[in-house]
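The values are calculated or read from the model by the stated rules, or taken from the named source; none is laboratory data. Note that the coordinates shown come from a computational prediction; the quantities given were computed from them, not determined experimentally. In this analysis, Cβ positions are derived from the backbone assuming ideal geometry, glycine residues included, and neighbour counts consider all displayed protein chains.
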Amino acid sequence: MTTVNAARLHARIAALARFGALPGGGVTRSCWSPPHEEARAWLLSEIRGAGLQAWVDPAGNVFGGLGASSFSAGTPAVVTGSHIDTVPEGGILDGALGVLAGLECLQAIREAGAAAPRPLVVAAWSDEEGRYGSLFGSRAFCGRLDAAALPTMTAVDGEPLVTAMARAGFDAARAPEARAPEGAVHAYVELHIEQGPRLDEAGVPIAVVDSIVGVRRTRLIFTGQADHAGTTPMERRRDAFLAAAEYSLSARELVVERGGGRSVTNIGVVYVHPGVSNIVPGRAELVHEMRSPDADVLERLAQACEALAREVGERRGIGVEVRRMSATIPVACSPKVQAAVEGACKQLGLGWKTLYSAAGHDAQNLALITDSGMLFIPSQGGKSHRVDETSDPAAIERGANVLLHTLLTLAS
Ligand SMILES: [Zn+2]
């Protein structure tokens, strides 16, 4: 039976972790940044060194092909991969695992002479973490990039996309050209760390992912009246912050009660104006994020939260503006890919559990153009998007071997 070379995989994970490494562990490697571009160059040389064809598309996606040097409708490829960018102060496995395990699988298959009838391609999708809107590279590949928005896209630190891409040697205006020819992808499967505690606590080695959550982000602006914080009688105050605070607590209750046990909510951005202690807040802004694997539930929750905001505003005499910022749709994973992952687990004598993905992934864009799915390995302690994110080396090897046999099945 063909297996991955675990020592080589672990060595590559350690090597990639050096680009953007932080003194106390973990890594900061935002897409298009100098450490990311050094990592991209390293990855391309590893792909070539593994005896694969290497290429980069106009959106910055990096590919390594076994039996392919580009995408073509005539020879649909089975694609695997993930991303090499990270969140600020992130871990060394989020994304890196899927790319490097995919590379290892293709190299092991090539070395074993086990090449399948269909071409195999490993992808590193650019800007998965959303410096410029999440899942940038896979959106471009799947034809979902809004070309008109590219010239004005700006990161939170103020750097325009055009500038960041130019520094890395790319022309942002050409990013939509990364769109794959129709029918060029036969199937997509992505290996990722779970990033949550469910597998680790259940003691199960593999998760077969059946769906990926949709994410909604809404900006809420509460407008009251700025006033002297000492002389204005309490009953006459129109405090915008208190309306925002009441909304925040009630929205959490609402999502927990009506979210079907699989929905989560977070308010991670709060601005209070003018933001001084001796003025009653005249305006408060929130960014409210909600996630659910069920599209209908997510839509119902969004409507209920909007109604809640208006009700709170009316009762407190506060103006309310609700602006939808972004929305990704929950995606069901392909039954064909799920069956292939389960088959590989059986072949390797490994137990599995079916889970939905509580985080967004490139696989949800690929689901728009092909049979797409994912598998997870446990994250120790469920930790992710933090510097101490880790998985057991044996769990990494098991995941890579399940990926290898899944790829062979999908390519046969
Ligand atoms: Zn990731």
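Quick one: in segment 104-139, of everything that is within 16 Å of the ligand (Cβ to nearest atom) and hydrophobic (A, V, I, L, M, F, W, C), which residue is surrounded by the fewest Cβ atoms within 10 Å (Cβ to Cβ)? Restricting to residues being within 16 Å of the ligand (Cβ to nearest atom) and hydrophobic (A, V, I, L, M, F, W, C), the top hit is L135.
Among the residues making up segment 190-209, those that are under 23 Å from L404 (Cβ atoms) and either within 16 Å of the ligand (Cβ to nearest atom) or among the hydrophobic types (A, V, I, L, M, F, W, C) (or both) are E190, L191, H192, I193, E194, Q195, L199, V204, I206, A207, V208, V209.
Does Y188 satisfy the criteria of being among the aromatic types (F, W, Y) and within 26 Å of F376 (Cα to Cα)?
yes
L286 meets the stated requirement of being in contact (Cβ under 8 Å) with a residue 60 or more places away in the chain, in the same structural domain as P233 (by TED's automatic domain parsing), in contact with a helix residue (DSSP H, G or I) (Cβ under 9 Å, 6 or more places away or on another chain) and not in a helix (DSSP H, G or I).
No other residue among L145, L150 is within 29 Å of V215 (Cα to Cα), without any contact (Cβ under 8 Å) to a residue 60 or more places away in the chain and touching a helix residue (DSSP H, G or I) at 6+ places or on another chain (Cβ under 7 Å) apart from L150.
From the list A359, A340, A395, A344, exactly one residue is in a loop (DSSP other than H, G, I, E, B) and buried (at least 16 other Cβ atoms within 10 Å of the Cβ). Which is it? Can you show your working first?
Details: A340 fails: in a loop (DSSP other than H, G, I, E, B); A395 fails: in a loop (DSSP other than H, G, I, E, B); A344 fails: in a loop (DSSP other than H, G, I, E, B).
None of the other options fit; the residue is A359.
Within segment 362-389, restricting attention to residues that are farther than 24 Å from R118 by Cα and crowded, with 20+ Cβ neighbours inside 10 Å, which residue is nearest to the ligand (Cβ to nearest atom)? Quick ask: steps written out before the conclusion?
Keep residues of segment 362-389 that are farther than 24 Å from R118 by Cα, which gives 376-389.
Next cut, crowded, with 20+ Cβ neighbours inside 10 Å only: 376-379, 384, 389.
Details: F376: 11, I377: 13, P378: 15, S379: 11, S384: 8, E389: 10 Å.
Among those residues, the one meeting the criterion is S384.
Before we move on, is I221 crowded, with 17+ Cβ neighbours inside 10 Å, over 20 Å from S357 (Cβ atoms) and away from the ligand (no atom under 16 Å from the Cβ)? Against the criterion (crowded, with 17+ Cβ neighbours inside 10 Å, over 20 Å from S357 (Cβ atoms) and away from the ligand (no atom under 16 Å from the Cβ)), I221 qualifies. The residues on offer are L308, L350, and the sole one that is outside any loop (DSSP other than H, G, I, E, B) and at pLDDT 95 or above is L308.
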